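Shown next, in structure tokens, is the structure this report addresses.
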Amino acid sequence: MTATISPLSEVTRSDAALRTFLHGLPGVDRVGADARAAGLGTRSIKTTAKAWAIDLAIRMVDLTTLEGSDTPGKVRALCAKARQPDPGDPACPSVAAICVYPSMVPTAAEALRGSGIHLASVATAFPSGQAPLKVKLDDTRAAVAAGADEIDMVISRGAFLSGRYLEVFEEITAIKEACGKAHLKVILETGELVTYDNVRRASWLAMLAGGDFIKTSTGKVAPAATLPVTLIMLEAVRDFLDTTGRKVGVKPAGGIRTTKDAIKYLVMVNEIAGDGWLDPDWFRFGASTLLNDLLMQRTKLATGHYSGPDYFTLD
Amino acid sequence: MPAKKKESADSAVATAPRLAVRKTYKLFIGGAFPRSESGRTYVVADSKGQFVANAAQASRKDARDAVLAARAAFGKWSGATAYNKGQVIYRVAEMLEGRRDEFTALEVPASEVDEAIDRLVWYAGWTDKLAQVVGGANPVAGPYFNISSPEPSGVVAVVAPSQPTLLGLVSVIAPAMATGNTVIVITDAPRVAITLAEVLATSDVPGGVVNILTGSAAEVAPWLASHSDVNGLDLTGVADTKLALELEQAAAETLKRVRRPAAGLDWTADPGLAPMTAYLETKTVWHPKGL
């Protein structure tokens, strides 16, 4: 994969060079990718390995609420849950981050103070990304100024799909600059990219532009995260590390609801990208309902009997 | 020469006895008929000890799946009007009437099929009458209406009796259903139970309202008794007193409603209200009057 093109610093020089590079990436064998992802999903993870995987998955959760109906009260409740997901068991680890809309960042920043939990804010006219660049930059700066240390931006799928790659590249670069010290997660919205080839291209584009994480979806479009799409993105970050020496994280988001699903993703991370990514700094789950299922499974392993949703908070 | 060969092949086909297409007895979970997640089966024999079928042997994971299905179905079923629930249960009786030959072929006495059908009709009639009998307006010392109304408990796990097969199943499923609960039944009579599941599946019973697990109660019931998302436990079919005690103790951890009728029940007698009220909770509402 790396033998294709001239030095990577050259490829973003012009629209033509970038297009040549992105279209020069090897095509994705759709059937092969689906089959590989399905095959990795059949691994059986039990007992102590399962307990380890559940705790790791909890530590990787970006506990998310992105509703028009979000209130400060709901965000505070979510932050309390992020700090201590299972009040019945102090040994239960806290989650990686809280993910909210920019208007909720001040509330969340206060609620999370001193906990070490990251605070992610979506920005750049989430979820559509259809706004002028200036608005997107202001959106980002406001979120960072309010205390977000991670920014989840959406790419302009319209520009990407019509082939204006340099425009998307420059937009990501500009947002990265506006982020300052905050980490930048680039949402590809793979459900709207149509082909796996586009997912691979968008992944490379986002990484070349300086994204610290590539994220599958906003969660507002179906299909959201799927195993094969995440597989392609994991291959991309692995190859990007080999080529450039810079490590980029991956965040599947949306549609991951059960422990079984989460463990399938972890197996895939280990097999495709390697165990270097089995860490909350390099792999995250964007989820809200997943956490409760992880907690129920954790309780099942600890107590020996099945737990129920009545015993965990809804938000 | 080739023509002649073909002719002989044709006649061989004509004379070969037709191979019977046998039914695979699987589980009934969420309105579908899946095999056991464990892939296990066990041999079912008829009353003469002859092999008749391989039935699915449910595992704890099938029980867990059944709880998920029952919980998912609970909201809609408990919210259905009493009249609608009655119609659905009456429909089960209608379908059972049409399939009586299937049950008599499974060595269920014709009189027992009749009893089962009549019992379904009886419970269908109770759906819109129970609230008046066990609920009502309470006189209170104050300017309030005080109204008690029965509400279903939720997901009820039932160990069905071994005998009588059909009437036993109907007598434990129908009362829990009629009161708006969703049911998970463990039974060791797979052929009758799964044939009954086919009746339920074609009777407008929403998927997940009744789930049937065939296999060993001693293996599966403890997982349901300790499951936090199960609200009621019916031990009618547990003959082993030691097992029954263990199940009761496990159920107490999560404050389940447990029903354990005395042994030697007369199945043809009037069941009374106890099977229905076992999984009802009384909600009492105070409402100011004179405003």
Within 30 Å of residue B:281 (Cβ to Cβ) and away from chain A (no Cβ under 14 Å): does that describe residue B:42?
no
How about region B:234-250: which of its residues are within 13 Å of another protein chain (Cβ to nearest Cβ) and under 20 Å from residue B:170 (Cα atoms)?
none
Selection over region B:130-161 where residues are touching a strand residue (DSSP E or B) at 6+ places or on another chain (Cβ under 8 Å) and either within 16 Å of residue B:215 (Cα to Cα) or in a strand (DSSP E or B) (or both) yields a count of 17
Residue check: is residue A:249 over 21 Å from residue A:80 (Cβ atoms), modelled with pLDDT under 95 and either within 14 Å of chain B (Cβ to nearest Cβ) or in contact with a Phe, Trp or Tyr (Cβ under 6 Å, 6 or more places away or on another chain) (or both)?
no
Subset of region A:289-315 [more than 14 Å from every other protein chain (Cβ to nearest Cβ) and surrounded by fewer than 22 Cβ atoms within 10 Å (Cβ to Cβ)]
A:313, A:314, A:315
Filter result for residue A:230 (closer than 25 Å to residue A:166 by Cα, crowded, with 23+ Cβ neighbours inside 10 Å and touching a helix residue (DSSP H, G or I) at 6+ places or on another chain (Cβ under 8 Å)):
yes
Close pairs from region B:202-214: first over 18 Å from residue B:68 (Cβ atoms), partner of a type in the set (Ser, Thr, Tyr), Cβ under 8 Å, at least 6 apart:
B:214/B:25; B:214/B:187
When both residues are 6+ apart or on different chains and their Cβ atoms are under 8 Å apart, which pairs have a first residue that lies in region B:227-250 and is within 23 Å of residue B:211 (Cβ to Cβ) and of a type in the set (D, E, K, R), and a second that is modelled with pLDDT under 95 and in a strand (DSSP E or B)?
none
Inside region B:202-225, can you point out the residues that are farther than 17 Å from residue B:188 by Cβ and surrounded by fewer than 24 Cβ atoms within 10 Å (Cβ to Cβ)?
B:202, B:203, B:204, B:205, B:206, B:207
Leading residue by the ranking (nearest to residue B:156 (Cα to Cα)) among those in region B:251-274 that are part of a helix (DSSP H, G or I) and within 13 Å of another protein chain (Cβ to nearest Cβ):
B:251
Applying the selection to region B:30-47, what residues are at pLDDT 90 or above and in a loop (DSSP other than H, G, I, E, B)?
B:30, B:31, B:33, B:34, B:35, B:36, B:37, B:38, B:39, B:40
Of the residues that make up region A:265-284, is at least one surrounded by fewer than 18 Cβ atoms within 10 Å (Cβ to Cβ), out of contact with any Ser or Thr (no Cβ under 8 Å at 6 or more places or on another chain) and within 14 Å of chain B (Cβ to nearest Cβ)?
no
List every residue pair whose Cβ atoms sit under 7 Å apart, with the two residues 6 or more apart in sequence or on different chains, where the first one lies in region B:264-283 and is touching a residue at least 60 places away in the same chain (Cβ under 8 Å) and the second, anywhere, is of a type in the set (Lys, Arg) and surrounded by 11 or more Cβ atoms within 10 Å (Cβ to Cβ).
B:278/B:257; B:278/B:259; B:279/B:257
If we ask which residues in region A:236-254 are crowded, with 19+ Cβ neighbours inside 10 Å and either touching a residue at least 40 places away in the same chain (Cβ under 8 Å) or touching a strand residue (DSSP E or B) at 6+ places or on another chain (Cβ under 9 Å) (or both), their number turns out to be 10
Filtering region B:75-92 down to residues that are of a type outside the set (Val, Ile, Thr) and crowded, with 22+ Cβ neighbours inside 10 Å, which residue is farthest from the other protein chains (Cβ to nearest Cβ)?
B:85
Given B:144, B:123, which one is crowded, with 24+ Cβ neighbours inside 10 Å, of a type in the set (Phe, Trp, Tyr) and touching a residue at least 40 places away in the same chain (Cβ under 8 Å)?
B:123
Can you confirm whether residue A:286 is under 14 Å from residue A:57 (Cβ atoms), within 17 Å of the chain's Cα centre (by Cα) and not acidic (Asp, Glu)?
yes
Which numbered condition residue A:267 misses (of (1) among the aliphatic types (A, V, I, L, M); (2) touching a Phe, Trp or Tyr at 6+ places or on another chain (Cβ under 6 Å); (3) touching a residue at least 60 places away in the same chain (Cβ under 8 Å)):
(2)
Any hit, region A:121-128, residues being surrounded by fewer than 21 Cβ atoms within 10 Å (Cβ to Cβ) and touching a His at 6+ places or on another chain (Cβ under 8 Å):
no
Among (1) closer than 18 Å to residue A:280 by Cα; (2) surrounded by fewer than 18 Cβ atoms within 10 Å (Cβ to Cβ); (3) touching a Lys or Arg at 6+ places or on another chain (Cβ under 9 Å), the one test that residue A:89 misses:
(1)
Hits in region B:192-224 - residues which are touching a strand residue (DSSP E or B) at 6+ places or on another chain (Cβ under 6 Å), away from chain A (no Cβ under 14 Å) and in a helix (DSSP H, G or I):
B:193, B:194, B:197, B:200, B:217
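The values are calculated or read from the model by the stated rules, or taken from the named source; none is laboratory data. Keep in mind that this is a model prediction, so the values were computed, not measured. Note: ideal-geometry Cβ built from the backbone for every residue, glycine included; neighbour counts use all protein chains shown.
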